[in-house]
Amino acid sequence: MPWTREDMAQRAAAELKDGFYVNLGIGIPTLVSNYIPEGIDVQLQSENGMLGMGPFPYEGDEDPDLINAGKQTVTELPTSSYFSSADSFAMIRGGHIDLAVLGAMQVAENGDLANWMIPGKMVKGMGGAMDLVHGAKKVIVLMEHVARDGSFKIVDECSLPYTGKGVVQRIITDLCVLDITAGGLVLVELAPGVTEDEVRAKTQPPVKVR
């Protein structure tokens, strides 16, 4: 059966390496903070000016003054530090973030990303995604494989406004893990019970198998 949101977050957490500075996007990516593997030191950074976020707080332990860029309450670690959003974006634009895990509305087979707006719908702001996809050393998209209406989210070419072009290296969905390569999409891993044919049927571009 397909991975749950928690399963997806745990799979994405397996991409973290010791010493990494990581930015987690809004949505499913925020859950990654709950599944950081034991024995590694990872610093989670947020655009609103926090470095060293911990997992989500238990109900009743929330501190309204501790929030991430998505305005969700978070916890702090003994090594946490706080600074201005200007300094936070300087970290991102300066290439100091090892990995960004972001949600998406569309990802093209060449790594193009659309994740900040749908025309005609209210947008509070573009956030930090455009800076992250160009400043982070690696970008992984963590999202459900298809849209709620069943339409493709992994597409030949993005039809929604671009966040960045050629910026995504890996896609983790509820069905599988895909790498974006010069030769197209390559299947890396399947969720339990999911078949290659199911992935191909729900992915607009061709999918190759290693």
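The values are calculated or read from the model by the stated rules, or taken from the named source; none is laboratory data. Computed from a predicted model, the values in this text were never measured in an experiment. Note: ideal-geometry Cβ built from the backbone for every residue, glycine included; neighbour counts use all protein chains shown. Side chains are part of the model used for accessible areas, which takes the heavy atoms of the whole protein and leaves out ligands, DNA and RNA. Shrake-Rupley method; radii C 1.70, N 1.55, O 1.52, S 1.80 Å.
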Working only within region 66-75, note down all residues that are of a type in the set (A, V, I, L, M) and surrounded by fewer than 20 Cβ atoms within 10 Å (Cβ to Cβ).
LEU66, ILE67
May I ask you to verify whether ASP63 is touching a strand residue (DSSP E or B) at 6+ places or on another chain (Cβ under 6 Å), farther than 18 Å from LEU31 by Cβ and open to solvent by 10 Å² or more (accessible area, probe 1.4 Å)?
no
Just checking, does region 81-99 include any residue being over 23 Å from GLY111 (Cβ atoms), without any contact (Cβ under 8 Å) to a residue 12 or more places away in the chain, open to solvent by 40 Å² or more (accessible area, probe 1.4 Å) and not in a loop (DSSP other than H, G, I, E, B)?
yes
Scan of region 171-197 for residues that are under 14 Å from GLU144 (Cβ atoms) and outside any strand (DSSP E or B), ordered by number:
THR173, ASP174, LEU175, ALA191, VAL194
Selection within region 164-183 - open to solvent by 10 Å² or more (accessible area, probe 1.4 Å) and touching a residue at least 60 places away in the same chain (Cβ under 8 Å)
ARG170, ASP174, ILE180
Is there a residue being closer than 22 Å to LYS153 by Cα and not in a loop (DSSP other than H, G, I, E, B) anywhere in region 32-52?
yes
